[in-house]
1. Taking the conditions exactly as written (surrounded by 15 or more Cβ atoms within 10 Å (Cβ to Cβ), part of a helix (DSSP H, G or I) and in contact with a strand residue (DSSP E or B) (Cβ under 9 Å, 6 or more places away or on another chain)), does residue 150 satisfy them or not?
2. Kindly list the number of the only condition in (1) touching a helix residue (DSSP H, G or I) at 6+ places or on another chain (Cβ under 7 Å); (2) crowded, with 20+ Cβ neighbours inside 10 Å that fails for residue 96.
3. Just checking, which of 307, 294 is assigned by TED's automatic domain parsing to the domain that holds residue 340 and surrounded by fewer than 19 Cβ atoms within 10 Å (Cβ to Cβ)?
4. State yes or no: is residue 183 free of Cβ contacts under 8 Å to residues at least 12 places away in the same chain, surrounded by 16 or more Cβ atoms within 10 Å (Cβ to Cβ) and not in a helix (DSSP H, G or I)?
5. Criterion first (at pLDDT below 95 and under 16 Å from residue 102 (Cα atoms)) does residue 27 satisfy it?
6. Among (1) buried (at least 22 other Cβ atoms within 10 Å of the Cβ); (2) assigned by TED's automatic domain parsing to the domain that holds residue 273; (3) over 23 Å from residue 99 (Cα atoms); (4) in contact with a helix residue (DSSP H, G or I) (Cβ under 8 Å, 6 or more places away or on another chain), which single condition is residue 220 missing?
7. Inspect region 234-249 for any residue being outside any helix (DSSP H, G or I) and either within 25 Å of residue 400 (Cα to Cα) or not assigned by TED's automatic domain parsing to the domain that holds residue 182 (or both) and give the result as yes or no.
8. Give the residues of region 106-123 that are more than 18 Å from residue 78 (Cα to Cα) and more than 25 Å from the chain's Cα centre (by Cα), sorted by residue number.
């Protein structure tokens, strides 16, 4: 029972009821500009696209543990906003409701009344009444229901569970349950099932309002799920590290009594090359910090969902990018994995030549995916080129690496390719 907002409204009805409403695209651009002005520090991503029936849609992410907020500008001046908030907590739910109400007020939205039969409105009632009390009740009920399902499936021998983890990546990490704030064990699951209030620590934003704990938890979510643990390769990675450093410093200056990830904070500052008084304090604290496994799911392997239903297992330290031509690339300073689906109009020029096909002496036959590959290992240039198939689906996978000692890794990466639709 996740907590989902589904809000409906109309554009410009109150401000000018006798003229046609503003067209969808300009209104969405104004909405995006408003979000940039009023929630710039919270905005992680924003993209324009299309929703059902081709209607223009704006998608936003305002917290690292949250999914996207969709703002659909439909015909007739209608606006539909949907978002799930139970992954982050009551504080985020209140924040988002308040933000959307301000957006509606300043951009001329008239909200429709809640309609429980059609699922329209805020199930907690906060958006309509301003009463924050039921929000916590709904969040705890959602948590208890999720924990009950995990316990039931674990009794059936299943494993690899995540709570509030975004779609697209499955991390290989020990723990009965992976969450944006780190793994939880079997004891935690049982305690929370008996009393869901004992699981409040899993919500990154429990108490409404901005405060040090909110900032710290936001940084912890990024450390656990987003940070790749090596020097930054891309501008986006450097911006991520700077955001984590900013959040940690802001929280610490407001409340130094909280438990900070001193060792990981020191790593982040090292990757950024930041020194000074604060860096020295962080280094001093890191030397006396308790031991144990470091934070960060991406220190290990990750299963990535690729275009056209494919999946692949890669090191979590690789930087990923989806290119406009449908290609997916993951790379670091010495390795890269390139994947191209060859269906639905993919460029035939991307496929290997006839000579390259004849050189594909390696074969792999998995449960759902088969393939042939050629492997070239030479000084300074090593490459594995593979053609893979799953039913009628085909794909090209190219793994490049500098060190000949990593050819087993390249072969394992190719053989990890899977296709979910074939399951």
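1. In short, yes.
2. (1)
3. Result of the check over 307, 294: 307.
4. yes
5. yes
6. (4)
7. Within region 234-249, one or more residues are outside any helix (DSSP H, G or I) and either within 25 Å of residue 400 (Cα to Cα) or not assigned by TED's automatic domain parsing to the domain that holds residue 182 (or both).
8. 116, 117
The values are calculated or read from the model by the stated rules, or taken from the named source; none is laboratory data. All values derive from a computational prediction rather than experimental measurement. Positions of Cβ are generated from backbone atoms using ideal geometry, with glycine treated the same way; all protein chains shown enter the neighbour counts.
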